[in-house]
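Below: the structure, in structure tokens.
The values are calculated or read from the model by the stated rules, or taken from the named source; none is laboratory data. All values derive from a computational prediction rather than experimental measurement. Using ideal geometry, Cβ is built from the backbone for each residue, glycine included, and neighbour counts are taken over all protein chains shown.
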Amino acid sequence: MRSHASGIERLLVCSLPLALVLGLLGAALGGLVDARGQVAHADNPSITIVSPTTANGPVQTNVQINGAGWNPGASIQVFYSAPANNQPCGDPNNSQTLAQTNAIPGVGTQTAGGDGSWKVGFQWPSNTGTGSFYICAFDKTTPTQVTPSAQPFQVLSTTLPGITLSNGFPNAGDQITVTGTGFLPGNQPIDLILAQQGQQTGANLGTATADGNGNFQQQVTLPLSPSGQLSIVALSRTPVQGALPPLIASQQVTIGAAPSTPTPTPAPSVTPSPTATATTVATTTPNTTTTSSSKSNLLLVLLVVALVLVILAIFGVLIWYVVGTRPPPNVGAPPGSPPPGRTRAPVAPRRTTQSSGWESLPDWQQDDEWEGDQGPWEEDEQGGWNDLPTQWSDESSPWPQSGPSGPGGRGSAGAQRPAPRGPNRDDWQGRARPGQDGW
């Protein structure tokens, strides 16, 4: 009983370190899986520039971005960054510093909705200069995991868009020409509006189309009303419902209430307008780093392998314990019991058949196998017995000459014993005949 208890104690002592390692690995693996479950919606966070669709323009262009795939309710820090060392948002370990130095005016921390989406509109800063810039963001809980926009924003110019009028004091109903510069290139539509000062809605004067340089010239007819101090506003048409027009320019105009008297003039020659040439702006797709995701997958694989090795080690300890505590083959036998002895098989006496059918006495005495078994009685050829200590007087005769035993000892002293009955009665030559001594 004590041996069995010692074996259990030894098994517990050997298994305790392995159990502790297994518990730690299980806890780490559970934490990793739980962490992966918590960021399940943030496996592929994204930022898309939805306005303007060309993702370019001068400084102070109104930009709208949409985020998707972020953690629901996450606090998201947004900033802009110029690419550095083939990284769209620069060094991710320096993301918090970049978010402070490259902050976007008017854009604070954004909060992701229940579906992991968010959106924000802002005016591109005037101090960035020209070039390519990415809009970057990170969840404040993981500041080193920075997500860049799907494409960069190209700052084309530091000059703001503007318009001029061919007549600053027209009367109601007059025609004037509106000229614009610095707008979005590439056949982008521009809406012309007659509005009250400081407003962007009013009477529609028509639509102009910017050429490859962002310039346009458009003739419009003023309505009969309103009149007075007004503004003509040029608005780049927004591609997204609810977003601000990417570019806005306005010019003050004073309109007289009385229509002007028309003066006949020769019809002007028609000059073909220059054909606007579309300019394709090359965009680069950021090489989104997946270092953090790869590290998480590698860590998960290593933990699973370590867990398997620990389980195999525990099985090895169990097998070692079972084999080490198995009793030897002879356990259970009574102590001190001698092994069973071997019984010697009885040996049949050997006889040499002579003319009389008996060996001589000297031969018998010299026979090693008969020394221990020979008794005072000897069986004759007919099954009788002779107790004479001496040998037969006449070995050529089958009968003894005299004695109390033999034929005389059986009640017929001196009588001749009948001849042997043949081999059916006496078969001593082939085998031992059973008698009273067990032969």
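When residue 159 is tested against (1) crowded, with 16+ Cβ neighbours inside 10 Å; (2) part of a loop (DSSP other than H, G, I, E, B), only condition (1) is not met. Applying the condition of being touching a residue at least 60 places away in the same chain (Cβ under 8 Å) and farther than 23 Å from residue 244 by Cβ to segment 152-166 and asking which residue is nearest to the chain's Cα centre (by Cα) yields 164.
Restricting attention to segment 214-230, does a residue exist that is closer than 15 Å to residue 187 by Cβ, free of Cβ contacts under 8 Å to residues at least 40 places away in the same chain and out of contact with any Lys or Arg (no Cβ under 7 Å at 6 or more places or on another chain)? Yes; the residues of segment 214-230 include at least one that is closer than 15 Å to residue 187 by Cβ, free of Cβ contacts under 8 Å to residues at least 40 places away in the same chain and out of contact with any Lys or Arg (no Cβ under 7 Å at 6 or more places or on another chain). Only a single criterion out of (1) outside the structural domain of residue 191 (by TED's automatic domain parsing); (2) closer than 30 Å to residue 205 by Cα; (3) of a type outside the set (A, V, I, L, M); (4) in a loop (DSSP other than H, G, I, E, B) is not satisfied by residue 144, namely (2).
For residue 211, indicate whether it is among the acidic types (Asp, Glu) and part of a loop (DSSP other than H, G, I, E, B). Yes: the conditions hold for residue 211. In segment 139-148, what residues are touching a residue at least 60 places away in the same chain (Cβ under 8 Å) and crowded, with 23+ Cβ neighbours inside 10 Å? Passing the criteria: 147, 148.
Restricting segment 174-185 to residues that are crowded, with 20+ Cβ neighbours inside 10 Å and outside any strand (DSSP E or B), which is farthest from the chain's Cα centre (by Cα)? Applying the filter and picking the extreme gives 182.
Only one residue in 97, 128 is more than 21 Å from residue 248 (Cβ to Cβ) and modelled with pLDDT under 95. Which one?
Values: 128 fails: more than 21 Å from residue 248 (Cβ to Cβ).
Of the residues listed, the single one that is more than 21 Å from residue 248 (Cβ to Cβ) and modelled with pLDDT under 95 is 97.
Quick one: would you say residue 240 is at pLDDT 95 or above, within 60 Å of the chain's Cα centre (by Cα) and of a type outside the set (Ser, Thr, Tyr)? No.
Sort through 138, 169, 133 and tell me the only one that's over 30 Å from residue 78 (Cβ atoms) and among the aromatic types (Phe, Trp, Tyr).
On the way: 138 fails: over 30 Å from residue 78 (Cβ atoms); 133 fails: over 30 Å from residue 78 (Cβ atoms).
Exactly one residue qualifies, and that residue is 169.
Condition first: aliphatic (A, V, I, L, M) and in contact (Cβ under 8 Å) with a residue 40 or more places away in the chain. Can you find one or more residues in segment 83-91 that meet it? Among the residues of segment 83-91, not one is aliphatic (A, V, I, L, M) and in contact (Cβ under 8 Å) with a residue 40 or more places away in the chain, which makes the answer no. For segment 186-197, filtered to residues that are assigned to a loop (DSSP other than H, G, I, E, B) and within 60 Å of the chain's Cα centre (by Cα), the residue that is nearest to residue 254 (Cα to Cα) is 188. If you go through segment 195-213 and pick out every residue that is free of Cβ contacts under 8 Å to residues at least 12 places away in the same chain and under 10 Å from residue 183 (Cα atoms), you end up with 0. Looking across segment 87-137 at every residue that is under 19 Å from residue 150 (Cα atoms) and among the charged types (D, E, K, R), the one that is surrounded by the fewest Cβ atoms within 10 Å (Cβ to Cβ) is identified as 91.
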